[in-house]
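Structure first, then comments.
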Amino acid sequence: MRLEIIILAAGQGTRMRSTLPKVLHQVGGKSMLQHVIETAQKLTPKRIHVVTGHDSNLVRETLLTALGEQVIDIRWTLQEQQLGTGHAVAQAMPDIDSASTCLILYGDSPLMKASSLKELCSSDADLSLMTAKPDNSDGLGRILRDPGGGITGIVEHKDATDDQRLIAEVNTGIMACKASSLKRWLGSLDNSNSQGEYYLTDVVATAVTENAIVHTELAVDPTRLMGVNSLAELAIAERAFQRLNADQLMLDGVTLLDPARIDVRGNTMFGTDCILDVNVILEGNVVVGNNVSIGPNCLIRNAVIGNNCRVNANSVIEDATLGTSCEIGPYARLRPEAILKDNVKVGNFVEVKKSELGAGTKVNHLAYVGDSSVGSEVNIGAGVITCNYDGS
Ligand code: UD1
Ligand code: CA
């Protein structure tokens, strides 16, 4: 099967009440659009088309920077005016091989799982649609069915009658279909609805009238498919993402004293027998060895922490490297280019920047060590300051 994926990311996201384009808002320290692109890449499609529009330069530049070399296989399509999701898909169609299967994803749904998308794409139907029954279906498109249970169409919340709004099953926005059929269905869209938009969702009714085979798949975990339209929904997505991440860490053997109180905004690697107390924040790339304990309220960004280290409460570590068996904090601050060799102790109210501390060295209290190369087994007392003041 030749698979092409279209990701819709042109909308402004008015309901976010923000100047930042909606798809650039972050979940787990990554833009929602980057999450969607990375999930799409896991399906190894022939091509990924991203439709941008509102602030398209900013969206593209941000993604180019964030994805680096991974961005090579992405085609960017411009939707100059945001006339609706159907119109957005139509902008990408000229670039799509008619013989392919098309998977359409929305850039504001960051929690999707690649395996469920794969399943949807492998259906033999002309059109496969992922539906869900979330606790709150406010604002979402409702799935219409005939008395026999067959799908007949989708009605958007704003166009729905009171009775239709009682329907629990909603459209997640994810659909897979044959590109040749999709091209035909898109051609018959109109914008005679309450929002004056060309709705992608209207292709379902068109497919049904054509007697095409339309398959629906009800999602097991609706949270995974939620779209983010407001900052309140962004917060819900963030919590859900963090919980999924925490569950994975525990499966990988990391002890979390409270899985609801850890935030990971980047990539982590842990050895065995690590224990994390509450309110630990890990950002960027964090690599942790075996048997490491991290106390409450620590912020760790881009760091390598060796085996048997203890990071005590309220410490901040950024762009730093710790050897084995170091003890940090409470209230220690390691700034960029702090390199601690084995068995180093950095105690309370000590700041270390751009300095190497040799094995066994201790800076137990109230000191600033900057721009220094300190040997091994050195004892630095309270009140000591070493720094590089304007170069001399
Ligand atoms: C859409 C669906 C709705 C579904 C819901 C699931 C339509 C008409 N409605 O509603 O049935 O329940 O998602 O989350 O499809 N976009 C463009 N160009 C446009 C308009 C939108 O690229 O002209 C993009 C947006 O950036 C966004 C995505 O399409 O990433 C969805 O648009 P949005 O306005 O959020 O649609 P919903 O109202 O959430
Ligand atoms: Ca949405």
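Every number here is computed from the coordinates shown, using simple stated rules; none is lab data. Predicted, not measured: the structure shown is a model, and the values here were computed from it. Counting neighbours? That spans all protein chains shown, and the Cβs are built from the backbone with ideal geometry, glycine included.
The figures follow:
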read-out	value
Cβ-Cβ FRET estimate between ALA168 and MET269, R0 fixed at 51 Å, reported to 0.05	0.80
The chain, dipole about Cα centre (Lys/Arg Cβ +1, Asp/Glu Cβ -1), debye to the nearest 20	400 debye
Exceeding the 19 Å Cα-Cα cut-off - candidates LYS46/LYS178; LYS30/LYS133; LYS113/LYS183; LYS341/LYS362	LYS30/LYS133; LYS113/LYS183
Structure-based [θ]222 nm, the chain - -39500 (n - 2.57) summed over DSSP H runs of at least 4, per residue, nearest 500	-6000 deg cm²/dmol
Least to most buried among LYS178, LYS42, LYS353 (fewest other Cβ within 10 Å first)	LYS42, LYS178, LYS353
DSSP beta bridge pairing in the chain, given as percent antiparallel to the nearest 5	15 percent
Calculated P(r) tail over 40 Å for the chain, as whole % of Cα pairs	31 percent
Volume of the Cα convex hull of the range 3-229, divided per residue and given in Å³	122 Å³
Helix runs (DSSP H) in the chain reaching 15 Å along axis by Cα, Kyte-Doolittle at least 0.5	56-67
Point-to-point label distance, THR161-ARG15, nm (Cα→Cβ direction, 7 Å offset)	2.4 nm
Order of TYR106, TYR368 under a 10 Å beta carbon neighbour criterion, fewest first	TYR368, TYR106
